[in-house]
Structures are given as structure tokens and as C-alpha cells.
Amino acid sequence: MPAVVRLALELNPHQVLTERGLLHELEFPLQRERRRDWVAVEGGEVVGHAEAGFEWAVPTPGKGRLWIDVARDHRGRGIGSQLFETAVAYLRLEDAWRLESYVPGDPAGSEFLTKRGFALSGRNRASGLDLRTASAPVPAVPEFGLATLGETRDRAHELHAICQEGEIDMPSDEPETEVDFESWCRDEFEYPDISDEGSFVVLEGERPVSLAFVTVDLERGLGYNSMTATLRTHRRRGLALLAKAAAVRWAQEAGLERLVTENDEGNEGMLAINERLGYTPLYVEEYFLRLLGGLDET
């Protein structure tokens, strides 16, 4: 477990991934995701990791996805190819007809997928906010208040409804309409690294109408904007900005050094909010697709 986390952070140090977070993912799997993981070991050291599963939040079955990490000083030895073949074989057996993968700003990873029949399908912008120099005062929005996630955990179904609308409206080839309450709880609400103090909910009276969830790695001084969403009926009122600004203020007071977020390049509204708060680009995360057929997997 620790070795897999170290490998992932070596290749992408901007992400929030902890041992307890990974353990939660493995011990409380989402049934529709059907996730499997493999590691490559060389000389007693974990030098590669592969994860495969299915898009569980969309209605169309058979949309497989996979991720592969190989330590930089162990590349070029066929480790990535073996992990890839193992993951693809599993997804085929589970009736996948399409594969998706992503590469967080790594040209070698993009080349690896392109050589195996994948085509670029989209881009996310990863942005960071240096909390040591940021200035993001919390705006006043009349008639709306703020509460922490910890103070609103008894409103889980209402928070789920906000996240549902946010997921459905995110740019994608198919809306995520199947985010059921139980799966959402395991994937987001009960995730051990989500901060009860640093995640904020906007209230209209006592009703939650917007939110900004943040996961935190206190040891590394890093936070990640895992979800920001507003009910459709309450958009364009500055509520997402209100929630995210409150999260920024909390992160600064908690001594974090950076907040990181990822957004589809077509999500102009959220990109504008991030720029207003002072986020600047870190790297571009590329997404790749491939239809499964009779092509040679190697």
C-alpha cells in the first residue's frame, strides 16, 4: 500500500492520495466499477501499478478505463506493456467495448497510449493556488450563509442532490446520471481524506444549495478541490465562488501551502472562478479513448 502511494506521488506530486484513502478505495469498492489492481515488483520493490475498472456513473455499460504508473527509472523494460496487457485482458473478460485512460502531463505516457491505438479525446486543466501568497477574501452574498461539511453531515441526501446536478452538467461524452446515494457516499461523502472543516456548504436559510468539497493531505500541506457544484436553480449568483473562497481561507489558516483543482477545458464557468481566486495552470491532463477490437494489444 505505501509503495503504491509513493509511486503515484512520484509521478504526479500535485494529487492528494494517502494510504488511508487508497485503503478506503480498495476495502469499500463500488459494485458497478468492478475495480481490479495489479503491481509489478522488481527486486522486492514495487515499480509499477495498474488499475482497471468501469465507468460506474453512466447508463451505458461496458465503458472500461485503466491507469498505469511505472517508475521513471524502470521504464523501457516492458513493465508498462505487461501491466497494460493484464488490465486489458481483464476488461475484455468483463465485456468492455471501449477503453479510456488519462495522462497527467507526461509526454511519455501519451506516446505509450497512442502506440496502442488510443486517440486523444479531451483535456483537463490542472491548476494550483499558492496559499502562501494568495489573497481570496470571502465575498458577501446577501441571503446566503456558509456552513462546514461537518456541520451539515446530517443533510447528506440534500448534498447528494447538489453533487448529482453538478456531475450531470459537467462536460463529457455521456452525462453521469447514475450517481446513486450509496455509491456517492462511498466515493465522496465517506472518503477519509475529505475535510469536514475545510469543505463548505452554502445555505439558503437552512437548505444546502451549493458546495465545495476539499480533500487534504496535511503532512504534505496540500489540498484538492474534489467537487464544486450548485443547484441549477441557484447558479450565476456567485455561490460557487463563495464556497471555494471559504475553502481557500480555511486552507490558509490550516497552514496548507497549495490547493489544486482539475477542470475540463470546456468548463468556462469554473475556470473563470478559479482564475478569479488566483489559481494558475500547472499542467494539462490528457484523456485518451480506444474502441476494443482485434488490434494487437502490444
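The values are calculated or read from the model by the stated rules, or taken from the named source; none is laboratory data. A quick note: this is a predicted structure, and the numbers were derived from the prediction, not measured. Methodologically, a virtual Cβ is constructed for each residue, glycine included, from the backbone with ideal geometry; neighbour enumeration extends over all protein chains shown. For accessibility, only protein heavy atoms count, side chains too; no ligands or nucleic acids. Shrake-Rupley method; radii C 1.70, N 1.55, O 1.52, S 1.80 Å.
The figures follow:
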| item | result |
| --- | --- |
| Student exercise, the range 159-224 dipole from Lys, Arg, Asp, Glu Cβ charges, in Debye to nearest 20 | 300 |
| Prolate/oblate/rounded call for the range 215-264, Cα gyration tensor, a/c under 1.5 rounded | prolate |
| Structure-derived Rg and Dmax of the Cα atoms in Å - corresponding label in (i) 17.8, 49; (ii) 20.5, 70; (iii) 19.5, 61 | (iii) |
| Rounded if a/c under 1.5, otherwise prolate or oblate - the range 234-292, Cα gyration tensor axes | oblate |
| Geometric extent, Cα atoms of the range 182-263 - Rg, Dmax (angstrom) | 12.7, 39 |
| For His14, residues with placed amide H under 5 Å, excluding near neighbours | none |
| Residue-averaged [θ]222 nm for the chain, counting only DSSP H segments that reach four residues, each worth -39500 (n - 2.57) | -8500 deg cm²/dmol |
| Accessible surface of Trp38 - all protein chains present, 1.4 Å probe, nearest 10 Å² | 50 |
| Listed residues Met270, Met227, Met1 arranged by accessible area, highest first, probe 1.4 Å | Met1, Met270, Met227 |
| Rounded to the nearest 10 Å², the accessible area of Ile68 at probe 1.4 Å | 50 |
| Relative contact order [Cα under 8 Å, 6+ residues apart], the chain, whole percent | 25 |
| Two-decimal ratio, the range 1-112, of alpha-carbon radius of gyration to 2.2 N^0.38 Å | 1.06 |
| Global form of the range 78-130, assessed from the alpha-carbon gyration tensor, a/c cut-off 1.5 | prolate |
| Segment Thr114-Glu42, extension gain: residue separation times 0.36 nm, minus the distance between their alpha carbons | 23.3 nm |
| Dipole magnitude of the chain, debye to nearest 20 (Cβ charges: Lys/Arg +1, Asp/Glu -1, about Cα centre) | 560 |
| Full-extension gain in nm, Asp154 to Arg276, via 0.36 nm per residue minus C-alpha separation | 40.7 nm |
| Principal axis dimensions, largest first and in whole angstrom, of the range 192-237 by Cα | 38, 19, 16 |
| R0 of 25 Å, Cβ-Cβ distance Arg35-Glu268: FRET efficiency to nearest 0.05 | 0.20 |
| Label-point gap, in nm, between Val284 and Asp106 - each point 7 angstrom along Cα→Cβ | 1.9 |
| FRET efficiency, Glu178 to Leu291 (Cβ-Cβ, R0 25 Å, nearest 0.05) | 0.70 |
